[in-house]
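Just below is one structure, and these are the notes that go with it.
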Amino acid sequence: MVGTMATTPNRGAAPWAAIAVSVALGGALLASAPQRVLSELFLLKPARTIRAAEAGEPVPLDALESATRQADAEAARGLSADGGDLAGRGHTLLALYRDPASPKGMAELDAARAAFLSVLSHAPLSPYVWDHLSYTEVTAHRLREAVAAWRRSVRAGPFDTALIPPRFESGLALHRYMDAASRREFDAQVRLYAQWNLPQLAEQTVRFDAADIVRPILVHDPAELAELNRLIPLLKARL
């Protein structure tokens, strides 16, 4: 299948539950010889292949399939601590390529879910794996399960600032499906984000048109709300 390119969206490009995920097929039409070189390059390291596809880079489909199989094998043999997580992410990407609602897409999502749950069975405090599982569940339109996994990601593991932006993004996408308790946890994440990096929060708020959600959360901190309101029109002017 060399020559078929799987182009998948960067999670930073749009809220992945509120906006339908699309996969552009054949987005990068390269000559056959460069494609073979590209395939061979990606086949060397499954982690690099899967991360490139997640970032929206054009990855040959055969390379993505091979990388996912390698991650499955590494996880089964216990060769890599990240194997199960990588395998789950690879299967989710393949589901996006094949259409998540199709039988093949649903089979990939089932494989992804199984891979993540296998990791979580012995590492239940991994916030990244819970976040990845949440992404898979929303891709499968299992929104209640997606919210539950998002909450587990928030509660699990040590504090890590690297998780604040993606949690905000995924929380926005799931906001309409959250119950009161889940929204309280989301509100706490937004306040934490504002304290940590208000300009970045403002940027994501503008990108995802989320001012109506974010403003009420910051109403009890007038200084942060005023700064958010100052930044929003400046950022909109750049778009």
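Values quoted throughout were computed directly from the atomic coordinates according to the rules given, and no laboratory measurement underlies them. Since the model is a prediction, treat every value here as computed from it, not as a measurement. So basically every Cβ, Gly included, is an ideal-geometry build from the backbone, and we count neighbours across all protein chains shown.
Annotations for the structure displayed:
- Listed from fewest to most Cβ neighbours within 10 Å, the set HIS122, HIS132 follows the order HIS122, HIS132.
- Put in order of Cβ neighbour count within 10 Å, fewest first, the listed residues ASP99, ASP72 become ASP99, ASP72.
- Alpha-carbon centroids, the range 143-203 and the range 51-81: separation in whole Å: 27 Å
- Positive minus negative residues near VAL154 (Lys, Arg vs Asp, Glu; Cβ under 10 Å): +2
- Fewest-first ranking of TRP130, TRP150, using other Cβ atoms within 10 Å as the exposure measure: TRP130, TRP150
- With a Förster radius of 22 Å applied to the beta-carbon distance between ARG142 and ASP99, the computed FRET efficiency rounds to 0.85.
- FRET E, pair ARG207, ARG183, Förster distance 25 Å, beta-carbon r, rounded to 0.05: 0.75
- Mean Cβ count within 10 Å, highest first, over the residues of peptides 85-96, 204-215, 166-177: 85-96, 166-177, 204-215
- Virtual spin-label span in nm between ARG69 and ALA55, 7 Å along Cα→Cβ: 2.5 nm
- In this simple spin-label approximation, ALA76 and ALA114 carry label points 7 Å from Cα along the Cα→Cβ vector, and these lie 1.0 nm apart.
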